[in-house]
Amino acid sequence: MGLRILFLSSEVAPFSKTGGLGDVAGALPWAFSARGHDVRVVTPLYRGVPRANLQLVGAPLTVELPVGTTEVRVFRAPAPGELLFLDAPELFDRDEYYGYPDDARRFAVFSMAALALAQRDGFWADVVHGNDWPTGLALLALKHGFAHTPLGKAKKVFTIHNLAYQGLFPKREVEALGIPWDQFSPSGVEFWDQLSFMKAALVSADLITTVSPTYAKEIQTPPFGAGLDGLLRHRGDVLHGILNGVDVKEWNPATDVFLPRQYTLTELAGRALCRKELIASCRIDAPVEGMPLFGVIGRMASQKGADLLQAALPKLLEQGASAIVLGAGDASVQRDWQGLAARFPRRLCVRVGFDNSLAHRIEAGSDFFLMPSRFEPCGLSQMYSLLYGSIPVVHGVGGLLDTVVDFKQPNGNGIVFTSPTPEALFGALVRAVELYRDRPAYTAVQARGMKRDFGWAASAAEYERLFTA
Ligand code: ADP
């Protein structure tokens, strides 16, 4: 029998996205509906979301917190399923999604309004599925305030998309948000005298998942646990890793509308054209004979290893490789990239900003895709690169290790290096150049990646198994 699933996410592609969370929330719920479940997705209505086709549903909700009362209107998106936006202009009608001084209130209101909406509509969910810290208070509220209501019977599921972002706030927010003080303890929502939304979820959930099997193990150890490895070990019996899938409606080189020419494994001519157009549109020189074009896409944050790239790439650029980098984020990472681009104006193109079209064209036009993340919960970009025939070069951690196999291994589809140092990355880049020069080997490795099935169906089935276990 189908389950009723209430799915909460602070980003839902294609409406709102800063990274992988948006991609997942834009696909996984619809994979649940495809399996016969009754799914409702609830998310904030930010300034950037196009409103033309949204439909107002019902009377506004009122969320009362000690810090203030908020009126929340509800809008429904036309497709692809039951997607509801919460409109509270004074909290969400802003350019960015995160990073404001009132974030605690913003996402508390989001969580409470989503539950109030389900309650108003009698949507008695079997599963409430929260994602990352912005939804943490929803699970806490279900466990406590809602405990004796029909909604309180739902299985409380929480997925960690990135443990590094925990939603930590000063302890005065405990009172401002109306959280009972007895929950502000190390076994509750306190993290070193601060309020932790992530902990609110981790101590309340019946089932905790994260987005790859390797990351599920790593976060139970101090180097990857971001201070929560003890709690995660304690909750180890309900913690599972399920690899993310790829939304092949959006990420498929045979149908991709952003590409100047679509292509497939058996008809790769279009890929050569994508490469040419990418180089031209980025106004750099093509690599010299025998040197590859490298692509990089990712948030500019220390997680993604930009410093490793900046240290390792110059020698290859000097030898005639070219590279295209797309990202947004930390100002200092941006500055360092721009400094390097100024040194290699014909070899290195750095684009700062969020550009979905360019992201697709980099996957389609580059020869290798570089992802030297220090840690990586799952990583979607390397999966896209496999499907698009840009061979991934990755640091062997988290989801990168679960998706990329070094080409020296049987069934290898990429290049994996094992320590996050410039020297190790440089070694991997040298191996990439060698592989690039061995055309039969390069095409065989490329073909293995393009043939992988990363569809969401298998992951959705695994979630379903745990929802009903
Ligand atoms: P993370 O979630 O840590 O940011 P993932 O690899 O899981 O990393 O997901 C990144 C997603 O965001 C991919 O879809 C990638 O194409 C996209 N993305 C990241 N930065 C940009 C950017 N500057 N412009 C366009 N898309 C981007």
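Evaluating Val12 against the criteria (1) surrounded by fewer than 19 Cβ atoms within 10 Å (Cβ to Cβ); (2) within 16 Å of the ligand (Cβ to nearest atom); (3) in contact (Cβ under 8 Å) with a residue 12 or more places away in the chain leaves one unmet condition, (1).
Residues that are within 24 Å of the chain's Cα centre (by Cα), at least 3 per element: which helices (runs of 4 or more DSSP H) completely within region 378-469 meet that?
Answer list for region 378-469: 381-388, 398-403, 439-451, 457-468.
Scan region 280-307 for residues that are in contact with a strand residue (DSSP E or B) (Cβ under 8 Å, 6 or more places away or on another chain), closer than 23 Å to Gly399 by Cβ and not small (Gly, Ala, Ser) and report the count. Of the residues in region 280-307, 6 are in contact with a strand residue (DSSP E or B) (Cβ under 8 Å, 6 or more places away or on another chain), closer than 23 Å to Gly399 by Cβ and not small (Gly, Ala, Ser).
Considering only residues that are within 12 Å of the ligand (Cβ to nearest atom), touching a residue at least 40 places away in the same chain (Cβ under 8 Å) and assigned to a helix (DSSP H, G or I), look in region 315-357 and name the one that is farthest from Gly22 (Cα to Cα). This residue is Ser357.
Out of the residues in region 21-40 that are open to solvent by less than 30 Å² (accessible area, probe 1.4 Å) and away from the ligand (no atom under 16 Å from the Cβ), which is nearest to Phe92 (Cα to Cα)?
Once the filter is applied, the top-ranked residue is Arg40.
Beta carbons closer than 7 Å, at least 6 apart along the sequence or on distinct chains, pair a first residue in region 363-389 that is open to solvent by 10 Å² or more (accessible area, probe 1.4 Å) and among the polar types (S, T, N, Q) with a second that is near the ligand (Cβ under 8 Å from one of its atoms) and part of a loop (DSSP other than H, G, I, E, B) for Ser381/Gly298.
Within region 255-314, the set of residues being more than 15 Å from Leu340 (Cβ to Cβ) and among the acidic types (Asp, Glu) comprises Asp256, Glu267, Glu277, Asp285, Glu289.
Residues are listed down the side, and each one gets a yes or a no for (1) assigned by TED's automatic domain parsing to the domain that holds Arg106; (2) assigned to a loop (DSSP other than H, G, I, E, B); (3) open to solvent by 30 Å² or more (accessible area, probe 1.4 Å):
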{"site": "His129", "(1), (2), (3)": "yes, no, no"}
{"site": "Leu137", "(1), (2), (3)": "yes, no, no"}
{"site": "Leu142", "(1), (2), (3)": "yes, no, no"}
{"site": "Gly145", "(1), (2), (3)": "yes, yes, yes"}
{"site": "Thr159", "(1), (2), (3)": "yes, no, no"}
{"site": "Gln166", "(1), (2), (3)": "yes, yes, no"}
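Using the structure shown, decide if Arg283 is surrounded by fewer than 19 Cβ atoms within 10 Å (Cβ to Cβ), more than 16 Å from the ligand (Cβ to nearest atom) and of a type outside the set (S, T, N, Q). For Arg283, the condition - surrounded by fewer than 19 Cβ atoms within 10 Å (Cβ to Cβ), more than 16 Å from the ligand (Cβ to nearest atom) and of a type outside the set (S, T, N, Q) - is met.
Cβ separations smaller than 9 Å between residues 6+ apart or across chains give the following pairs from region 54-73 residues that are within 14 Å of Ala108 (Cα to Cα) and of a type in the set (D, E, K, R) to residues that are outside any strand (DSSP E or B) and modelled with pLDDT of 95 or more: Glu64/Met112; Glu64/Gly178; Glu71/Pro60; Glu71/Ala88.
All of Asp102, Asp121, Asp95 fail the test of being open to solvent by 20 Å² or more (accessible area, probe 1.4 Å), over 24 Å from Ile208 (Cα atoms) and within 16 Å of the ligand (Cβ to nearest atom), apart from Asp95. Number of residues in region 226-255 that are at pLDDT 95 or above and either surrounded by 21 or more Cβ atoms within 10 Å (Cβ to Cβ) or among the aliphatic types (A, V, I, L, M) (or both) equals 15. Starting from residues that are in a loop (DSSP other than H, G, I, E, B) and of a type in the set (D, E, K, R), keep the ones in region 74-115 and report whichever is nearest to Pro134 (Cα to Cα). The selected residue is Asp102.
From the list Thr43, Thr69, Thr18, the lone residue that is open to solvent by 50 Å² or more (accessible area, probe 1.4 Å), closer than 30 Å to Gly455 by Cβ and among the polar types (S, T, N, Q) is Thr18.
Cβ separations smaller than 8 Å between residues 6+ apart or across chains give the following pairs from region 79-104 residues that are farther than 30 Å from Gly36 by Cβ to residues that are of a type in the set (Phe, Trp, Tyr) and exposed (fewer than 15 other Cβ atoms within 10 Å of the Cβ): Arg94/Tyr100. Residue count for region 420-469 under the criterion of being under 19 Å from Ser212 (Cβ atoms), in contact with a helix residue (DSSP H, G or I) (Cβ under 6 Å, 6 or more places away or on another chain) and crowded, with 19+ Cβ neighbours inside 10 Å: the result is 4.
The values are calculated or read from the model by the stated rules, or taken from the named source; none is laboratory data. Just so it is clear, the model here is predicted, and its values are computed rather than measured. Note: ideal-geometry Cβ built from the backbone for every residue, glycine included; neighbour counts use all protein chains shown. What goes into the accessible areas is simple: the full protein's heavy atoms, side chains included, and nothing from ligands, DNA or RNA. Shrake-Rupley method; radii C 1.70, N 1.55, O 1.52, S 1.80 Å.
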